[in-house]
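Notes follow the structure.
The values are calculated or read from the model by the stated rules, or taken from the named source; none is laboratory data. None of these values were measured; they are calculated from a predicted model. Here Cβ is always computed from backbone atoms with ideal geometry, including for glycine, and neighbour counts include all displayed protein chains. Just the protein is used for accessible areas: all its heavy atoms, side chains included, with ligands, DNA and RNA removed. Shrake-Rupley method; radii C 1.70, N 1.55, O 1.52, S 1.80 Å.
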Amino acid sequence: MPKIDELTIRRIKDVARIEDVVSDFVTLRRQGVNMTGLCPFHDDQHDGNFIVRPSTVSGKRGGNTYHCFVCMGKKDGGGPVDFLMKCPKSRMTYPDAIRYLGRKYSIETDNVPVNFTPPPPKPPPPPLPLLRFKRDTVKETIQGIEQTVLVRWLYTLPWTDEQRARLWQVLRMYCVAVCPNGLDWIRFWQISHEGVPLTAKWMKYKADGHRVKDKRPDGSKQYASDWEHAWRARQGQYNRDKYDVQYALFGAHLLKRYPDAVVNVVESEKSALIMATYYGQPEQNLWVACGGLNWIDLDIFQPLIDQGRTVWLWPDRDGVEKWQQVCDKLGADNVRVYTDFFRTSYVPEDDGPKADIADIAIRLMGGGRLPEQHNEQNHTGDPQPPTNSLGGGSAAATPDPSAGERPDGVSDEEWLEHTAIMKAIREWNLTHVPDEPFPGNTPLQQLLHDRVEESKRKRKEKQKNEQQQQSDRQG
């Protein structure tokens, strides 16, 4: 066959659209501005690993490309011509790929006149606006998490008293929220470094802390999950074709609050919560989650690399090799995979081949996966936020001794209320962070607020009555 003219090749590449080409070989479905399907480069069983970025998409990775988060699409994907040459279902040579696209877009590839001048390429489309959620939306959804299945299970673990008190603070700090689907669902908000809510990952849990798997039409099973932006699009709250969706590490909004902390990255959000509760001291070690083995994204780590943050990657037992490859690709000295924990603490017969650091931590605490194993240790399984004597009960019968001596003329009831409020204020000052991105009231704080407001109201009413009595006497 004759050689294809260079101008014709340029014209074909300008008009070829990756979504048109890939859809000839892979069934695609739209997911936000992108499209996903089963990867043709490996034996893929999960719809979502293989992503196609249409020509209308802009960003760091660019549009008109494909990528697989598992196998890298035979070395980092590419454009329409790259797909036709690399895909096992096509395996074309470069000239054959050009001729295939020429036939597809009705462009003659052979015997083209020499004086043919292709039209100028179209300018790239403007980038789509990024989807953002209001902070009030997050604050509204974090109420009532103590009744969810996952949180109730977390409270059954064999924590120390200090860790058990810390768990409620961790849940609030990481903005763990309820879902409209039911109490067996949990919502993990993904919030940017600047404190902007981007989206939320929804996951369904069983009472033993494991995730629920749903049966697919083909008989296979996949974890029950959803996304905030996808759910709201189905509700008709926004047009997903007109917005671009950005993702973030779970817990990324805490990076700015703790600028000197070592950043520890785990796979699952549940593991981040457990480790943050287990170790505490977020000013020294901060735990965040990327969302899964294949969700470790180079773009997410770039800000941490630029800031010079020390980053340790804690993959699950079966993901050490994969994350090490990603780490090597980053080529940053401040991002490393931590494997010493598995070498010193991993027990195959107890932890299993896919254990993560949280599984081992639970075992080291003396517990297991099942809540009933801890009930014998007087763990009721009913999570409660930190409380004090304001909540009533026997604890309210004894005033706080640190409040000092009671002044003369103050009744037992008034002194008890005073000492309880002072104790609550001290506890609040110990846990409150002024620049918290989503300041909200825990049940204790709301109770304190209501009691203080009630005291103010009674004081004003008493002053008003005294002024009225004095006025009547003078009259």
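Summary table below
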item: Odd one out for Gln222 among (1) surrounded by 15 or more Cβ atoms within 10 Å (Cβ to Cβ); (2) within 24 Å of Ala358 (Cα to Cα); (3) modelled with pLDDT under 90; result: (1)
item: Breaking point among (1) part of a helix (DSSP H, G or I); (2) open to solvent by 40 Å² or more (accessible area, probe 1.4 Å), for Tyr247; result: (1)
item: Scan of segment 35-48 for residues that are under 23 Å from the mean Cα position of the chain (by Cα) and crowded, with 21+ Cβ neighbours inside 10 Å, ordered by number; result: Met35, Gly37
item: Gly144 free of Cβ contacts under 8 Å to residues at least 40 places away in the same chain and open to solvent by less than 40 Å² (accessible area, probe 1.4 Å); result: yes
item: One residue from Gly319, Gly331 being farther than 30 Å from Leu128 by Cβ and either surrounded by 15 or more Cβ atoms within 10 Å (Cβ to Cβ) or polar (S, T, N, Q) (or both); result: Gly319
item: Complete set of residues in segment 135-149 that are modelled with pLDDT under 90 and in a loop (DSSP other than H, G, I, E, B); result: Ile142, Gln143, Gly144
item: Residues that are closer than 13 Å to Lys206 by Cα and either open to solvent by 10 Å² or more (accessible area, probe 1.4 Å) or aromatic (Phe, Trp, Tyr) (or both), drawn from segment 147-169; result: Val149, Arg152, Trp153
item: Which numbered condition Asp184 fails, given (1) at pLDDT below 90; (2) open to solvent by 20 Å² or more (accessible area, probe 1.4 Å); (3) not β-branched (Val, Ile, Thr); result: (1)
item: Qualifying residue in segment 229-247 (condition: closer than 22 Å to Leu167 by Cα and touching a residue at least 24 places away in the same chain (Cβ under 8 Å)); result: no
item: Subset of segment 86-130 (residues that are within 19 Å of Asn64 (Cβ to Cβ), modelled with pLDDT of 85 or more and within 37 Å of the chain's Cα centre (by Cα)); result: Lys86, Cys87
item: Residue satisfying all of: in segment 72-85; over 15 Å from Leu101 (Cβ atoms) and either modelled with pLDDT of 80 or more or out of contact with any strand residue (DSSP E or B) (no Cβ under 9 Å at 6 or more places or on another chain) (or both); surrounded by the most Cβ atoms within 10 Å (Cβ to Cβ) among these; result: Met72
item: Verdict on Tyr279 being open to solvent by 10 Å² or more (accessible area, probe 1.4 Å), over 14 Å from the mean Cα position of the chain (by Cα) and closer than 26 Å to His210 by Cα; result: yes
item: Subset of segment 290-315 that is open to solvent by less than 10 Å² (accessible area, probe 1.4 Å) and touching a Lys or Arg at 6+ places or on another chain (Cβ under 8 Å) - its residue that is farthest from Val335 (Cα to Cα); result: Pro315
item: Tabulated pairs, segment 162-173, first touching a residue at least 12 places away in the same chain (Cβ under 8 Å), second among the polar types (S, T, N, Q) and part of a helix (DSSP H, G or I), C-beta under 8 angstrom, 6+ apart or interchain; result: Gln163/Thr277; Arg166/Thr277; Leu167/Thr277; Gln169/Thr431; Val170/Thr277
